[in-house]
Amino acid sequence: MTKQDLNLNAQTLTMIAHKLRTPLSIITGYCEAVQAQSKHSLEPFTAKALEEISVQGTHLSQLVDKLADFNKVFAIAEQHLKKQPVELKPLIKESAAKALAMEESLAGSAAQADTVRRGTFVETDCPAQLTITADAPLVRLCIEELLINAMKFNNKTEKVIKVQCLNHGNSVSISVRDYGIGIRPQDVNRVFEPFYQVDDDLTGQITGWGLGLPMAQRIVELHNGTISIVSDRGLGSIFTINLPNL
Ligand SMILES: Nc1ncnc2c1ncn2[C@@H]1O[C@H](COP(=O)(O)OP(=O)(O)OP(=O)(O)O)[C@@H](O)[C@H]1O
Ligand SMILES: [Mg+2]
């Protein structure tokens, strides 16, 4: 494949994502407006159908956003990163808030969203003022992907996710630990391949593209870092990012 082909593909993907966004936001917008207007007068079936349209619309919007983000991250060159000193603790807090909001948005009803809010915890252990030199929006996106996975591939009623940052002098590590379904050894090496998703009885109905981890890996590599996994099937996973401390 020539570089020209790649550029064309990147442009095409961006255009597809852009074209899908407008009709999608109209569908979800109208759906929410009808739900809000007729809150107490809807037949149970109609209420359920609107709920499902809204959840699937949100889901589709997230798929489109992921495709656009993936495309953006793979199109960027290292020399075009906007590197600046960034404090890790607040950045992780922002990523956690976004991941939680994403999880809630797929919960269907307000009651379910409330259950998610009460049942998912992100505990952060990060030295105050620990700072790295990085492209902040990209690193935020990378941590978000790891947190969303930690919530998504998790069959616990109460989901505890632990983020730990350590300063090793010439590098900084950020690990995201979950106690969810874990990954079998034969799948661990494959999860960074674009579109690879483990398909078995524990993962259930697969959502997403299989693009989050390749995107996270690319972001880390753009910063000359590494990403690794330690996982035990049934017990959970630890994803660790190592970034040079410049
Ligand atoms: N924390 C985790 N625990 C268990 N399995 C995981 C975890 N994170 C990723 N996986 C497995 O790796 C696969 C690839 O992850 P990736 O984030 O790339 O894709 P996805 O989450 O399925 O979709 P997308 O990120 O595009 O929405 C997942 O489908 C899942 O099977
Ligand atoms: Mg993912």
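Taken together, the values in this text are just the output of simple stated rules run on the coordinates, not laboratory data. It should be emphasised that the depicted structure is a prediction, and the values quoted were computed from it without experimental measurement. So basically every Cβ, Gly included, is an ideal-geometry build from the backbone, and we count neighbours across all protein chains shown.
Per-residue 3J(HN,Hα) values for the stretch 139-147, derived from phi via the Karplus relation 6.51 cos²θ - 1.76 cosθ + 1.60 with θ = phi - 60°, read 5, 4, 4, 4, 5, 4, 4, 5, 5 Hz in sequence order (x marks Gly and Pro). One decimal place: the segment Asn9-Arg233 gains 77.0 nm when fully extended, by the rule 0.36 nm per residue minus the C-alpha distance.
Applying a 4.7 Å Cβ-Cβ cutoff to the chain leaves Cys31, Cys142 as cysteine residues with no disulfide-compatible partner. You can think of it this way: the chain between Ser25 and Glu52 has 8.2 nm of extra reach, that is 0.36 nm per residue less the Cα-Cα gap. Cα-based values for the stretch 167-241, radius of gyration first and Dmax second, are 13.2, 43 Å.
Projecting label points 7 angstrom from Cα along Cα→Cβ for Thr157 and Gln84 puts them 4.5 nm apart.
From the mean inverse distance of alpha carbon pairs (Kirkwood) and the Cα radius of gyration, derive Rg over Rh for the stretch 129-174. Dividing the radius of gyration by the Kirkwood radius yields 1.05. Sites counted here are trypsin sites (Lys or Arg not before Pro) in a DSSP loop (not H, G, I, E or B) having no more than 10 other Cβ atoms within 10 Å; the longest part of the chain that contains none of them is 83-246.
Compared with the alpha-carbon gap, the fully stretched path from Gln35 to Lys98 is longer by 20.3 nm at 0.36 nm per residue. State log₁₀ I(q)/I(0) for the stretch 1-75 at q = 0.12, 0.21 Å⁻¹ as given by the Debye formula over alpha-carbon point scatterers of equal weight, solvent excluded. Taking Cα atoms of the stretch 1-75 as identical point scatterers yields -0.46, -0.87. In this simple spin-label model, placing a label point 7 Å from the Cα along the Cα-to-Cβ direction at both His168 and Asn189 gives a separation of 2.2 nm.
Where does the charge balance sit around Ser228 when Lys and Arg score +1, Asp and Glu -1, over other residues with C-beta under 14 Å from its C-beta? Local net charge: 0. Where Rh is the Kirkwood radius over the Cα pairs of the stretch 1-130, the temperature 4 °C and the viscosity 1.567 mPa s, what D in µm²/s does Stokes-Einstein return? Translational diffusion coefficient: 72 µm²/s. In terms of overall dimensions, the stretch 83-246 has a Cα radius of gyration and Dmax of 15.4, 47 angstrom.
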